[in-house]
Amino acid sequence: MASPANRAHRILWDVHAWVGVVAGLLLYVMFFTGAFVLFRSELRTWAEPTRQASRQSVEEVVAPLLASNDDVAWVFELGDGGTSVIGGQTRAAGARAPFTIDGATGAAEPERTAVERILWHLHFLYQLPFGFYLSGFVGMALVLAVVTGTVIHWRNIPSQLLRFRPTKAAKIVWTDAHKVLGTVGLPFLLIFGLTGAAICLGPLLLEAHAAASFGGDHDAGEELLGFVHADVEPAGAKGPRLPYDELVEKAKGAIPGLVPEWMRFQHPGDANEVVNLYGSHVEGEPFGYATVLLRARDGEVLAATVPSERGPGARTTAAIYGLHFVSYGGMALRLVHAFLALGGCVTILSGFAVWLARREARHATAFNHILLRLVVGTGAGLPLGTAALFAASRLLPPDLAWRVGWENVAIFGTWLAAAVYAFAPLAPRRIVRDLLATTGLLFGAAVLLDLAAGVRWEAAGMNVALAGLALLSTWIATRIHVPSRAPALALQES
């Protein structure tokens, strides 16, 4: 009979392994896309060369659009510190429609490209039913995997931190990679799992908290966490208001250092109109998001989240969002987190490789075969689909009517094709090599196509990153040796 210690170790190992099996592929998708969406602004700049802020004032752009349609809710994205309008989205009947602003005329135009938005939505699994909440549960699974993995290897963490033997058999290489990268990325994995779960499950937790602590008062629960409201009823008649540019300046005066990024409205055009100005950056604050609500007719501040006056709940909320989206520390820290996210991808894939190799050594099953092919189709298919998305963004004509739709076809159609190819009667190594080689070609093509249209220094950083991914994919593909007779699970070969 196994001792209690051995039995506990066995239980922890099984929990760690099966949590990884169940949630691993979704975690891989979230980590891979997360490495990109850390650079949302840079992605937009690269994907839309003609994107620019309006030359007109905020008032000249916003007022006509608000007056043009009373049936939708308008949200505007501000640029240049809140002095111009870049784009935004409309919301009607639960549907959102992104738009951009023509820099010359100030008119709203349909979204020309969705590279950044597609990757952002994929990071939160928005494409799946209830995907946002699902991503929260996946974040909890990550925390459980990190905790159980840490307990299992607690005594050996110092030695495993530097124990990587690239010249050994493939199974040993995968095992070492899983342990080394999992150990190095331990704080990162834990923080992102916790903050991701809090963000995505926050709405559900808030409802329960409001019901238990505030008698169902949802607004009171939100205010405790740093979200502000202005309970103003519409007057039912139009009335005067201050120019929107002046209201932006009053918001800056209410919170010194605020950089307004988004503008929303309550009762637009009404005598009791309220303007909501939000900024994720307040100078001098590490987690410096802030919101200011102003009465449009006189600019009176109705509510504001001032960083220096936050309570514990609001400070916790600010830290959760700031840590997850790395809104502190500048470009260098975002790059570090991007590499850690890609390291998390390798940790997940290596965990699958080790687990499948152990199962296959004991007993070959159809489940092992199917899971291996799914891992190959996702592990190499998602990078290929992403590379296809970037290449399509440069190949598709700017004025193409269904351009955003074709971008979606590029990433998801290519990913689906890769997943189907993963089930071809070929050695898994051969399939991975083919997919990664094609990934390198497409990432490289995206860079060359962008440069062929003209050198843009503001897009240089993204082109360098894409070129690096092209070289990395190609290098890995050239390092994969496909034996003439590969076993069902290629990890078994020495």
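The values are calculated or read from the model by the stated rules, or taken from the named source; none is laboratory data. Note that this is a predicted model, so its numbers are computed, not measured. Every residue, glycine among them, receives a Cβ derived from its backbone with ideal geometry; neighbour counts consider all protein chains shown. Side chains included, ligands, DNA and RNA excluded: accessible areas come from the protein's heavy atoms. Shrake-Rupley method; radii C 1.70, N 1.55, O 1.52, S 1.80 Å.
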For the stretch 65-80, pairs from a residue that is over 23 Å from Ser41 (Cβ atoms) to a residue that is open to solvent by less than 30 Å² (accessible area, probe 1.4 Å) and not aromatic (Phe, Trp, Tyr), with Cβ under 6 Å and 6 or more apart or across chains, are Val72/Thr90
When every residue in the stretch 341-361 that is more than 23 Å from Ala424 (Cβ to Cβ) and open to solvent by 50 Å² or more (accessible area, probe 1.4 Å) is compared, the one modelled with the lowest pLDDT is Ala361
Log entry, pairs with first residue in the stretch 435-451 being within 17 Å of Ala417 (Cβ to Cβ) and open to solvent by 50 Å² or more (accessible area, probe 1.4 Å), second being of a type in the set (D, E, K, R) and part of a helix (DSSP H, G or I), beta carbons closer than 7 Å, six or more apart or on different chains, reads none
Within the stretch 300-331, the residues that are open to solvent by 10 Å² or more (accessible area, probe 1.4 Å) and at positive phi are Gly329, Gly330
task: State yes or no: is Thr90 within 22 Å of Val274 (Cβ to Cβ), in contact with a helix residue (DSSP H, G or I) (Cβ under 8 Å, 6 or more places away or on another chain) and not hydrophobic (A, V, I, L, M, F, W, C)?
output: no
Contact list, first residue from the stretch 107-128 and free of Cβ contacts under 8 Å to residues at least 60 places away in the same chain, second anywhere and among the acidic types (Asp, Glu) and open to solvent by 20 Å² or more (accessible area, probe 1.4 Å), beta-carbon distance below 9 Å, six or more apart or interchain, is Ala108/Asp102; Glu109/Asp102; Arg117/Glu111
Across the stretch 206-225, the tally of residues that are within 30 Å of the chain's Cα centre (by Cα) and loosely packed, with under 14 Cβ neighbours inside 10 Å stands at 3
Checked the stretch 28-65 for anything under 29 Å from the mean Cα position of the chain (by Cα), open to solvent by 30 Å² or more (accessible area, probe 1.4 Å) and under 23 Å from Arg264 (Cα atoms); matches are Arg40, Ser41, Arg44, Arg51, Gln52
task: With the condition kept exactly as written, say whether any residue in the stretch 291-299 is among the hydroxyl-bearing types (Ser, Thr, Tyr), under 20 Å from Thr83 (Cβ atoms) and open to solvent by 40 Å² or more (accessible area, probe 1.4 Å).
output: no
From the option list Leu162, Leu181, single residue qualifying as part of a loop (DSSP other than H, G, I, E, B), at pLDDT below 85, open to solvent by 50 Å² or more (accessible area, probe 1.4 Å) and aliphatic (A, V, I, L, M) is Leu162
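Condition check ((1) crowded, with 24+ Cβ neighbours inside 10 Å; (2) of a type in the set (D, E, K, R)) across all residues:
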residue	(1), (2)
His363	no, no
Leu371	no, no
Thr386	yes, no
Pro398	no, no
Ala401	no, no
Asn408	no, no
Phe412	no, no
Ala427	no, no
Arg430	no, yes
Scanning the stretch 125-144 for residues that are part of a loop (DSSP other than H, G, I, E, B) and either crowded, with 17+ Cβ neighbours inside 10 Å or not polar (S, T, N, Q) (or both) gives Leu125, Tyr126, Leu128, Pro129, Phe130
Of the listed residues (Val147, Val151), the one being more than 30 Å from Pro203 (Cα to Cα), surrounded by fewer than 18 Cβ atoms within 10 Å (Cβ to Cβ) and modelled with pLDDT of 80 or more is Val151
Among Gly329, Gly351, Gly311, the single one that is closer than 30 Å to Ser41 by Cβ and of a type outside the set (Val, Ile, Thr) is Gly329
**OP:** With the condition kept exactly as written, say whether any residue in the stretch 229-236 is of a type outside the set (Phe, Trp, Tyr) and in contact with a Gly (Cβ under 7 Å, 6 or more places away or on another chain).
**Re:** no
Of the residues in the stretch 278-336, those that are more than 26 Å from the chain's Cα centre (by Cα) and of a type in the set (Lys, Arg) number 3
Checked Phe265, Phe227 against criteria (at negative phi and in contact with a Ser or Thr (Cβ under 8 Å, 6 or more places away or on another chain)); the one match is Phe227
Every listed condition ((1) of a type in the set (A, V, I, L, M, F, W, C); (2) more than 27 Å from Gly461 (Cα to Cα); (3) modelled with pLDDT under 95) holds for Val326 save (2)
Scanning the stretch 236-290 residue by residue, those of a type in the set (Gly, Ala, Ser), under 18 Å from Ala314 (Cα atoms) and open to solvent by less than 30 Å² (accessible area, probe 1.4 Å) turn out to be Gly279, Gly288, Ala290
Within the stretch 74-86, residues on the phi < 0 side of the Ramachandran plot and either open to solvent by less than 50 Å² (accessible area, probe 1.4 Å) or in contact with a helix residue (DSSP H, G or I) (Cβ under 6 Å, 6 or more places away or on another chain) (or both) come out as Trp74, Val75, Phe76, Glu77, Leu78, Gly79, Ser84, Val85, Ile86
| Is one or more of the residues making up the stretch 197-207 at pLDDT below 85 and not aliphatic (A, V, I, L, M)? | yes
